[in-house]
1. Roughly how many Å² is the accessible area per residue of the chain, as a whole number, for a 1.4 Å probe?
2. Long-range amide H contacts for residue 7: which residues qualify at under 5 Å (H placed 1.01 Å from N, peptide plane, sequence gap of 5 or more or a different chain)?
3. Quick check: convex hull of the Cα atoms in the chain, volume per residue, rounded to a whole Å³?
4. Of 13, 37, 26, which is farthest along the charge dipole of region 1-86 in the positive direction, counting Lys and Arg as +1 and Asp and Glu as -1 at C-beta?
5. Among 77, 98, 29, determine the one that fluctuates most according to a GNM of the chain built with springs between C-alpha atoms less than 10 Å apart.
6. For residue 149 paired with residue 24, estimate the spin-label separation in nm (one decimal), with each label point 7 Å from Cα along the Cα-to-Cβ line.
7. Ignoring ligands, DNA and RNA, what percent of the accessible area of the chain is carbon or sulfur (1.4 Å)?
Amino acid sequence: MKITAIYPGSFDPITNGHADLIQRAAALYDRVIVAIAASSRKSPLFSLDERVALAEQVLSGMGNVEVRGFDTLLADYARECDAQVVLRGLRAVSDFEYEFQLAGMNKRLNPDLETIFLTPAEEYTYISSSLVKEVASLGGDISGFVHTKVRAALSDRLG
Ligand code: COA
């Protein structure tokens, strides 16, 4: 049986930590869907279309990876995509409580869905999109944390 994994998140913007996790997932699953949530409550810096376009550019070499935007329930969207697995990254123990709740709720909403956690490579454990945006906005060097296209988009947006 072919297995499709869905990797949801806000990706505002996609970081090297996300890309590392996606690359490893692409080696494990037949198909990986990077599902970018509208996440309007988080007031994203980039629009959904911009986040999708950036992720597509960063992940362009990965044949079995697709990038899609969605603004519905993840449990429903996974069903629509025929995904059997939800992937999430666990960077630290502090991620666990929220992730445990999310996995429980998704299981309740879509009992066919299994949540699988991957840990990031050690050098990416402290990266988050918010921290990258903050460092960029204060003129810090973010070249080790994001793709060059993302760095250019951030510098355009933040001036
Ligand atoms: N490497 C680097 N950073 C990572 C990472 C990784 N591997 N994995 C997560 N992060 C960071 C993100 O950059 C993000 O940082 P930020 O908060 O500073 O922006 C943070 O960890 C958490 O982000 P993310 O994984 O994008 O989760 P989220 O909380 O923004 O989004 C959704 C969670 C999208 C999965 C959830 O809101 C959802 O499913 N929404 C759809 C609607 C729905 O179904 N809701 C009910 C859910 S039960």
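1. The answer is 56 Å² per residue.
2. Under 5 Å from the amide H of residue 7 lie the amide H atoms of 33, 34, 35, 87, each far enough along the sequence or on another chain.
3. 109
4. 26
5. Fluctuation is largest for 98.
6. Each label point lies 7 Å from its Cα, and together they span 2.4 nm.
7. Of all accessible area on the chain, carbon and sulfur atoms account for 52 percent.
The values are calculated or read from the model by the stated rules, or taken from the named source; none is laboratory data. Note that the structure is predicted; figures quoted are calculated from it, not measured. Every residue, glycine among them, receives a Cβ derived from its backbone with ideal geometry; neighbour counts consider all protein chains shown. Keep in mind that these areas ignore ligands, DNA and RNA; they rest on the heavy atoms of the full protein, side chains included. Shrake-Rupley method; radii C 1.70, N 1.55, O 1.52, S 1.80 Å.
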